[in-house]
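Heads up: the structure comes next, in structure tokens.
Every read-out reported here was derived from the displayed coordinates using simple, explicitly stated rules and does not represent laboratory data. These figures come from a predicted structure and were not determined experimentally. Neighbour counts run over all protein chains shown; Cβ positions are idealised from the backbone, glycine included.
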Amino acid sequence: MFRLFLVAVSFLTRLPVKVRGDVSERDVADSSTYFGLVGAGIGATQGVMFWALFPVTPLVAAVGSTIVAVLITGAFHHDGLADASDAFVGGWTPEQRQKILKDSRLGTYGVMALVLVVLFEVALLAALEPIGAIAGLIGAHTVSRTAAVMLAAFTDKRGSGLGGVISDGARYRMVVLVMVTAMVVGLCWWTATPVRNIGELSAALLGVVGLGLVAGTTVSVGIFAKSKVGAVTGDTLGAAERISFNIFLLGWVLLHTA
């Protein structure tokens, strides 16, 4: 169990962890159970950096904490978002899009997607107080990584490469576990800080609505990907994670600034 957790850490981050034995594709797939937990750790680290830099200015805290998150993850999911944007917008046929997905070079659509997504994240974080940012980041990183696993597991037609590896090993037992864990963590953090002018019950209901929006967004990304390239690939999962992250964070900001 702990070995699979270390596999998940090694897969999702650039942290120098040592995993006993050779890591197979099946190990990576099975480790997806712990993706949400690894996300919570990333969110907590980013949140602490936000808190540390907040006395400078909220904008500096937002930018600095985002840089830390990128360094920890190696912009893993950002890369998928950029590649998917180039392929889905720049390609005219499924064949062209598949070819673009396999191209390591970055195009205009990919660059614009990265710039806009990072700017959106920074703007949202700058609107939060330190405690709210820490809680929101833990929830966002947890739920978004779980959303990517959900997309891989429940996709009828799976792609090759990373997307296929995760989806092939995402057994329903694992999926239910990671889904429940993410929902509990996300909802708990959603209601962890005082909410202005909104009762506790209303806040909880809004949290459930927010998680529903994340789920709907993830499903929409999957449907869109299948319509464009006929499958959910690793790049699609990266795009789904980044989009879900920002949707969750947007809901968090709206809730805590109401």
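Structural remarks
- Ranking of 150, 112, 49 by count of other Cβ atoms within 10 Å, fewest first: 112, 49, 150
- Simple Cβ-charge dipole of the range 51-130, Lys/Arg +1 and Asp/Glu -1, about Cα centre, in debye nearest 20: 160
- Couplings 3J(HN,Hα) for the range 26-34, derived from phi with the Karplus relation 6.51 cos²θ - 1.76 cosθ + 1.60 (θ = phi - 60°), are 5, 4, 4, 5, 5, 6, 4, 4, 9 Hz, where x marks Gly and Pro.
- Rounded to the nearest Hz, the phi-derived 3J(HN,Hα) couplings of the range 241-256 under the Karplus curve 6.51 cos²θ - 1.76 cosθ + 1.60 (θ = phi - 60°) are 4, 5, 5, 4, 4, 6, 5, 4, 5, 4, x, 4, 5, 4, 5, 8, where x marks glycine and proline.
- Amide N proximity, the range 19-43 versus residue 3 label position 7 Å along Cα-to-Cβ, cut-off under 12 Å: 19-24, 27-28
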